[in-house]
Amino acid sequence: MRYVVYGAGATGGVMGAALSRIGREVVLIARGRHLEAIREHGLTLRTPLETVQTELGAVERPEEIEFREDDAVLLAVKTQDAFDALDDLRAAAGDNVPVVCAQNGVATEREALRRFRRVYGMVVRFPGMLLEPGVVANYEPQGGGEIELGRCPEGLDDVAEQLADDLTACGFDGQAEADVMRWKHEKLLINVGSALAGVFGPGADTAAIREQLVAETRAVHDATRQHLPTPDEALRR
């Protein structure tokens with residue numbers, strides 16, 4: 001399976017470089033100075049354990065790729081950029097290419113399902129960063145992290161199983177989950193408080209506001225009958 005990574009930054013760049021490092025075929029869709037640096041020098045991945053230079057293909061737009069039947073797209077652009085990216089991808093690849101949504105939140109999968117037959121949710125749990133053009137980092141102590149993925153709205157198939165296996169082979173704990181969207185909603189409870197540091201600055205006491213945000217998010221989940229993992233299930237993670 002060839003992986004087309006749409007968005008080669010903190011999330012997509014780390015996964016793309018890691019997959020390329022173990023010999024998987026990877027094509028990146030990037031832009032600007034980051035794209036120029038990748039084309040000229042390759043993509044560098046830094047972890048606490050090592051620095052790896054990877055040589056892999058990179059283009060600016062999906063229409064530059066000759067899509068194949070064995071392709072799978074890892075959509076790793078930010079949510080606000082995802083809808084336009086999905087439109088461009090549909091125009092270039094058709095509606096049967098597998099699309100794996102790696103964003104935080106749960107909005108992208110719904111839009112992807114309106115355009116593609118095979119859509120997957122992905123929960124990313126590693127601290128990635130785009131350091132400079134052509135250089136990404138994964139600050140997980142062992143250079144890996146947890147990644148859960150599965151069909152959306154639910155289920156598993158060969159694409160999900162192979163991607164989970166490939167991610168495990170390159171150092172992540174890749175898990176194929178038939179109910180992956182439940183885990184994406186669980187991570188949303190964590191993410192709702194992430195903006196507080198940006199609003200109030202580092203070190204501010206935002207515990208009370210964070211608690212209110214989480215409570216409101218839980219109330220929305222309850223009202224929409226979105227079942228979250230139990231505390232015991234989350235603890236076993």
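Yes or no, residue by residue, for (1) among the aromatic types (Phe, Trp, Tyr); (2) part of a helix (DSSP H, G or I); (3) out of contact with any Phe, Trp or Tyr (no Cβ under 7 Å at 6 or more places or on another chain); (4) surrounded by fewer than 11 Cβ atoms within 10 Å (Cβ to Cβ):
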| residue | (1), (2), (3), (4) |
| --- | --- |
| Leu149 | no, no, no, no |
| Ala160 | no, yes, no, no |
| Gly174 | no, no, yes, no |
| Trp183 | yes, yes, yes, no |
| Glu186 | no, yes, yes, no |
| Ile190 | no, yes, yes, no |
| Gly198 | no, yes, yes, yes |
| Gln226 | no, no, yes, no |
message: Anything in the stretch 130-164 that is touching a Lys or Arg at 6+ places or on another chain (Cβ under 9 Å), under 19 Å from Gly12 (Cα atoms) and hydrophobic (A, V, I, L, M, F, W, C)? List them, or say none.
response: Leu131, Val135, Val136, Ala137, Ile147, Val159, Ala160
Flag if Thr206 is farther than 25 Å from Ala18 by Cβ and hydroxyl-bearing (Ser, Thr, Tyr): yes
task: Kindly indicate the residue of the stretch 88-103 that is buried (at least 18 other Cβ atoms within 10 Å of the Cβ) and either within 12 Å of the chain's Cα centre (by Cα) or among the acidic types (Asp, Glu) (or both) and also nearest to Glu146 (Cα to Cα) among those meeting that condition.
output: Ala102
statement: If we ask which residues in the stretch 172-210 are polar (S, T, N, Q), under 25 Å from Gly12 (Cα atoms) and touching a Gly at 6+ places or on another chain (Cβ under 8 Å), their number turns out to be 1
query: Taking the stretch 22-45 on its own, how many of its residues are over 18 Å from the mean Cα position of the chain (by Cα) and closer than 18 Å to Val124 by Cβ?
result: 0
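State whether one or more residues within the stretch 98-116 are of a type outside the set (A, V, I, L, M, F, W, C), in a strand (DSSP E or B) and at pLDDT 95 or above. Can you show your working first?
Of all residues in the stretch 98-116, those of a type outside the set (A, V, I, L, M, F, W, C) come to 98, 103-105, 108-111, 114-115.
Restricting the remaining residues to those that are in a strand (DSSP E or B) gives none.
The answer is no; no qualifying residue exists.
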Filtered residue count, the stretch 162-172, keeping only those that are surrounded by fewer than 21 Cβ atoms within 10 Å (Cβ to Cβ) and touching a helix residue (DSSP H, G or I) at 6+ places or on another chain (Cβ under 9 Å): 4
field: Test: Val180 is touching a strand residue (DSSP E or B) at 6+ places or on another chain (Cβ under 6 Å), closer than 23 Å to Val106 by Cβ and not small (Gly, Ala, Ser)
entry: yes
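Looking at the stretch 128-143 only, could you name the residues that are assigned to a loop (DSSP other than H, G, I, E, B) and buried (at least 21 other Cβ atoms within 10 Å of the Cβ)? Explain how you work it out, then say what you get.
Taking the stretch 128-143 and keeping what is assigned to a loop (DSSP other than H, G, I, E, B), we get 133-134, 139-143.
Passing the criteria: Gly134, Gly143.
Inspect the stretch 202-216 for any residue being within 21 Å of Glu148 (Cβ to Cβ) and either of a type in the set (Ser, Thr, Tyr) or surrounded by 15 or more Cβ atoms within 10 Å (Cβ to Cβ) (or both) and give the result as yes or no. Before the answer, list the steps.
Taking the stretch 202-216 as the starting set, the residues that turn out to be within 21 Å of Glu148 (Cβ to Cβ) are 214.
Next cut, either of a type in the set (Ser, Thr, Tyr) or surrounded by 15 or more Cβ atoms within 10 Å (Cβ to Cβ) (or both) only: 214.
Yes, because at least one residue in the stretch 202-216 is within 21 Å of Glu148 (Cβ to Cβ) and either of a type in the set (Ser, Thr, Tyr) or surrounded by 15 or more Cβ atoms within 10 Å (Cβ to Cβ) (or both).
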query: Can you find even one residue in the stretch 2-16 that is in contact with a Lys or Arg (Cβ under 8 Å, 6 or more places away or on another chain), within 26 Å of Lys187 (Cα to Cα) and not aliphatic (A, V, I, L, M)?
result: yes
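Each row is one residue, and each column tells you yes or no for (1) out of contact with any strand residue (DSSP E or B) (no Cβ under 7 Å at 6 or more places or on another chain); (2) within 27 Å of Arg118 (Cα to Cα); (3) not assigned by TED's automatic domain parsing to the domain that holds Ala102.
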{"residue": "Glu154", "(1), (2), (3)": "yes, yes, no"}
{"residue": "Leu167", "(1), (2), (3)": "no, yes, no"}
{"residue": "Cys170", "(1), (2), (3)": "yes, yes, no"}
{"residue": "Gly174", "(1), (2), (3)": "no, yes, no"}
{"residue": "Ala204", "(1), (2), (3)": "yes, no, yes"}
{"residue": "Arg210", "(1), (2), (3)": "yes, no, yes"}
{"residue": "Asp222", "(1), (2), (3)": "yes, no, yes"}
{"residue": "Arg225", "(1), (2), (3)": "yes, yes, yes"}
{"residue": "Thr230", "(1), (2), (3)": "yes, no, yes"}
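The values are calculated or read from the model by the stated rules, or taken from the named source; none is laboratory data. In this text the structure is predicted, and so the values were computed from the model without any measurement. When we count neighbours, we look across all protein chains shown, and the Cβ atoms used for this are built from the backbone with ideal geometry, even at glycine.
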